[in-house]
Amino acid sequence: MRILEITNLKKTFHSNFLIKKYRILKGIDISVEAGEIYGFLGPNGAGKTTTIKCIMGLLFPDEGEILINGRPADTIDARRPIGFLPENPYFYDYLNANELLNFSASLYSIPAAAARERIDRLIQQVGLAGFERLKLRKFSKGMTQRLGMAQALIQDPDFLILDEPFSGLDPIGRKEFRDLILNLKEQGKTIFFSSHILQDMEMMVDRVGIIINGKISRQGKLSELIAGSTRCHEIVCSQISEKQLALIHPNFVRRDNQYIITLDNEAEINLVVESIIHNNGLVIAVNPVKKTLEDIFLNEIGEVQ
Amino acid sequence: MKINIKGLILNTFKESARNKMFYLLIFFGILFALSSKLISFLTLGDAMKVLKDTGLAAINFFCVLIAIFTGINLVYKEVEKKTIFNILSKPVTRGHFIIGKFFGLALTMLLALAAMAVIFFLLVFLVGGGFDLKILLYFFMLYLELLIIVAISLLFSSFSTPILSFIFTVSLYLIGHIMWTFNEFKMLLQSKLWIKFAQFLYYIMPNLDKFNIKNDVVLDLPLQATTILFSVLYALVYILALLTVTVMIFRRREFI
């Protein structure tokens, strides 16, 4: 079942006095299936936040259609099952965490007793226990991000839209957030999140959409995008001199008492291995180096530019 | 569809009530109301009249200031600080948001006015006066006027900066108290088109003088029930019209 379906989404911003046009989204198509983690990847300024704001009704698209569970996204019923964490969230600094979450619960008409129970659990879950009564103006960026996650989860949503959820978090916080997101997936939730931190994305997503200059340049299962895509091969060897190795293949590095030769061409493997053996060297391993999301991402950027 | 505006109203109330400016203005309002007792001692004539005249004027002035200063910032701050993202991404329409803001501020004004009214009634008792229903009626009419000012400031706050909103709201407030000049101005006009235009302005501008019954209270003049009733109706219709326009403008706003 499709939770989110975006078809031909276009958005243009105008400068003051409508003189200059900035085409931010140039016809975006995205589909997110129920129960998956969808990573929305793109460099800064590619249109990630603009797309998310269009989904959440904060911006009005020029063209295109956005459906959430088959309903147009600009209705409040469509937004009801969505938990949203904006990029660099801002909250009322005169409230404390407890009050803010109570306010969020009130917007979903959650009864007071149920809200109290849920807030207590969320405070624990996002790691803000002990800070419930602290005014938000005293919160650090990481704490604000955690609180943002808690308010996004207040109504136990089926679908989470997270705009740069790892921003402002330290490595421990990032790990906790990753675990939290994976745990939510296990509970059957669908998660759509944008990021430019490739490492986090690679560790979590089922499918990925790469947006560059307002267009989806690639979309699909991460495993399929990466599968069968060997970037190069590495030959690990020892018991051979650097002089001999330089004659066999110039592209190598020394690590401890071993050498690692990087081959871009698969056809060279046999020849290099035979040459090492011929020179009384020891071939320890021949490893294919798989493409990472980063390689795919950088490749896409390179192609577009 | 379950709509919850209560949360928005209470949050707006909290926002205003936790603003230091709010307490500062209430403090000055009470201070000036108290000083009217001093003035009444220093002035020749009926001490009670002087107390009512200066005290009610002070309360009026500071309540109007609170309404304008709080109103012009309400929507602007939400947009500027991006807190609005967290509200509009929830099952809240833009109409709910504006109505929640209005009633939240209406609650704040009620609190501010009630605090000043209690102090004023205590002063009246101290000078030897009793409970005067007309003074209560004065506060009621002032509250209606404050609600219109709140709705005006909310309208401007929904699309412009606080400085511009302040200028627009204060201008309309001043115009609203000199509406009688429109009729005199109309007499001077020759062209029918200009007369119609002046008439149009007369009808769309807020006639805030309708709510000013201070002279009737101070001089103890009789008040017509129909006049009061008409003023109440006028306030309701005017506020409804202002909120409708505000929602229409706000529905078209994008949040970049």
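The values are calculated or read from the model by the stated rules, or taken from the named source; none is laboratory data. Predicted, not measured: the structure shown is a model, and the values here were computed from it. Cβ atoms come from the backbone with ideal geometry, glycine included; neighbour counts cover every protein chain shown. Heads up: the accessible areas ignore ligands, DNA and RNA and are worked out on the full protein's heavy atoms, side chains in. Shrake-Rupley method; radii C 1.70, N 1.55, O 1.52, S 1.80 Å.
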**OP:** Mind listing just one residue for me: the one in segment A:71-101 that is facing chain B (nearest Cβ under 8 Å), over 23 Å from the mean Cα position of the chain (by Cα) and not charged (D, E, K, R) and, of those, nearest to residue B:254 (Cα to Cα)?
**Re:** A:76
Original post:
Does residue B:105 satisfy the criteria of being modelled with pLDDT of 90 or more, under 24 Å from the mean Cα position of the chain (by Cα) and away from every other protein chain (no Cβ under 14 Å)?
Top reply: yes
**OP:** Among the numbered conditions (1) assigned to a strand (DSSP E or B); (2) surrounded by fewer than 16 Cβ atoms within 10 Å (Cβ to Cβ); (3) away from every other protein chain (no Cβ under 14 Å), tell me where residue A:22 comes up short.
**Re:** (3)
**OP:** For segment B:108-115, indicate whether the set of residues that are closer than 26 Å to residue B:51 by Cβ and free of Cβ contacts under 8 Å to residues at least 40 places away in the same chain is non-empty.
**Re:** yes
Original post:
Do we find that residue A:145 is part of a loop (DSSP other than H, G, I, E, B), buried (at least 18 other Cβ atoms within 10 Å of the Cβ) and either in the same structural domain as residue A:31 (by TED's automatic domain parsing) or of a type in the set (Phe, Trp, Tyr) (or both) in this structure?
Top reply: no
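Residue check: is residue B:89 within 14 Å of chain A (Cβ to nearest Cβ), crowded, with 17+ Cβ neighbours inside 10 Å and in contact with a strand residue (DSSP E or B) (Cβ under 8 Å, 6 or more places away or on another chain)?
Yes; evaluated as a whole, the condition is true for this residue.
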Original post:
Where in segment A:179-271 are there strands (runs of 3 or more DSSP E), lying fully within it, with 3 or more residues that are assigned by TED's automatic domain parsing to the domain that holds residue A:284?
Top reply: A:230-238, A:252-255, A:258-263
Subject >> Test: residue in segment B:172-181 that is among the aliphatic types (A, V, I, L, M), touching a residue at least 60 places away in the same chain (Cβ under 8 Å) and within 24 Å of residue B:77 (Cβ to Cβ) >> reply: no
**OP:** Say whether the condition of being small (Gly, Ala, Ser), surrounded by fewer than 21 Cβ atoms within 10 Å (Cβ to Cβ) and under 19 Å from residue B:252 (Cβ atoms) is met by at least one residue in segment B:94-108.
**Re:** yes
Original post:
Hey, any hits in segment A:192-208 for a residue that's in contact with a Gly (Cβ under 8 Å, 6 or more places away or on another chain), farther than 28 Å from residue A:42 by Cβ and touching a residue at least 12 places away in the same chain (Cβ under 8 Å)?
Top reply: no
Original post:
From the list A:86, A:111, A:81, A:72, which one is surrounded by fewer than 16 Cβ atoms within 10 Å (Cβ to Cβ), closer than 16 Å to residue B:89 by Cβ and not acidic (Asp, Glu)?
Top reply: A:72
Original post:
Looking at segment A:224-239, is at least one residue open to solvent by less than 70 Å² (accessible area, probe 1.4 Å), under 34 Å from the mean Cα position of the chain (by Cα) and among the small types (Gly, Ala, Ser)?
Top reply: yes
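Please pick out the residue among B:85, B:61 that is at pLDDT 90 or above and touching a Pro at 6+ places or on another chain (Cβ under 7 Å).
Going through B:85, B:61 in turn, the sole match is B:85.
Does residue B:38 fit the bill of being in contact with a Leu (Cβ under 9 Å, 6 or more places away or on another chain), over 30 Å from residue A:154 (Cα atoms) and either open to solvent by 10 Å² or more (accessible area, probe 1.4 Å) or away from every other protein chain (no Cβ under 14 Å) (or both)?
No: the conditions fail for residue B:38.
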Original post:
Out of curiosity, is residue B:61 of a type in the set (A, V, I, L, M, F, W, C), open to solvent by 10 Å² or more (accessible area, probe 1.4 Å), within 14 Å of another protein chain (Cβ to nearest Cβ) and touching a helix residue (DSSP H, G or I) at 6+ places or on another chain (Cβ under 9 Å)?
Top reply: no
Subject >> Wholly within segment B:142-256, helices (runs of 4 or more DSSP H) carrying at least 3 residues that are at pLDDT 90 or above and open to solvent by 30 Å² or more (accessible area, probe 1.4 Å) >> reply: B:162-176, B:225-251
**OP:** For segment A:130-151, indicate whether the set of residues that are touching a residue at least 12 places away in the same chain (Cβ under 8 Å), at the interface with chain B (Cβ under 10 Å from one of its Cβ atoms) and among the aromatic types (Phe, Trp, Tyr) is non-empty.
**Re:** no
Original post:
For residue B:134, are the conditions met, namely being within 13 Å of another protein chain (Cβ to nearest Cβ) and either on the phi > 0 side of the Ramachandran plot or open to solvent by 40 Å² or more (accessible area, probe 1.4 Å) (or both)?
Top reply: no
Original post:
Does segment A:36-47 contain any residue that is of a type in the set (Phe, Trp, Tyr), open to solvent by less than 40 Å² (accessible area, probe 1.4 Å) and in contact with a Lys or Arg (Cβ under 7 Å, 6 or more places away or on another chain)?
Top reply: yes
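Residue-wise test of (1) at pLDDT 85 or above; (2) β-branched (Val, Ile, Thr); (3) farther than 30 Å from residue A:22 by Cβ; (4) surrounded by 17 or more Cβ atoms within 10 Å (Cβ to Cβ).
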{"position": "A:136", "(1), (2), (3), (4)": "yes, no, yes, yes"}
{"position": "A:165", "(1), (2), (3), (4)": "yes, no, no, yes"}
{"position": "A:172", "(1), (2), (3), (4)": "yes, yes, yes, no"}
{"position": "A:193", "(1), (2), (3), (4)": "yes, no, no, yes"}
{"position": "A:198", "(1), (2), (3), (4)": "no, no, no, yes"}
{"position": "A:209", "(1), (2), (3), (4)": "yes, no, no, yes"}
Original post:
Does segment B:76-90 include one or more residues that are part of a helix (DSSP H, G or I), farther than 28 Å from residue B:220 by Cα and within 19 Å of the chain's Cα centre (by Cα)?
Top reply: yes
Subject >> From A:119, A:82, A:68, residue being within 27 Å of residue B:19 (Cβ to Cβ) and in the same structural domain as residue A:176 (by TED's automatic domain parsing) >> reply: A:119
Original post:
Taking interchain pairs and intrachain pairs at least six residues apart, which have beta carbon atoms under 6 angstrom, with the first residue in segment B:126-149 and more than 12 Å from residue B:60 (Cβ to Cβ) and the second open to solvent by 10 Å² or more (accessible area, probe 1.4 Å) and hydroxyl-bearing (Ser, Thr, Tyr)?
Top reply: B:148/B:238
Subject >> Scan of segment B:28-51 for residues that are within 18 Å of the chain's Cα centre (by Cα) and either modelled with pLDDT under 75 or not aliphatic (A, V, I, L, M) (or both), ordered by number >> reply: B:28, B:29
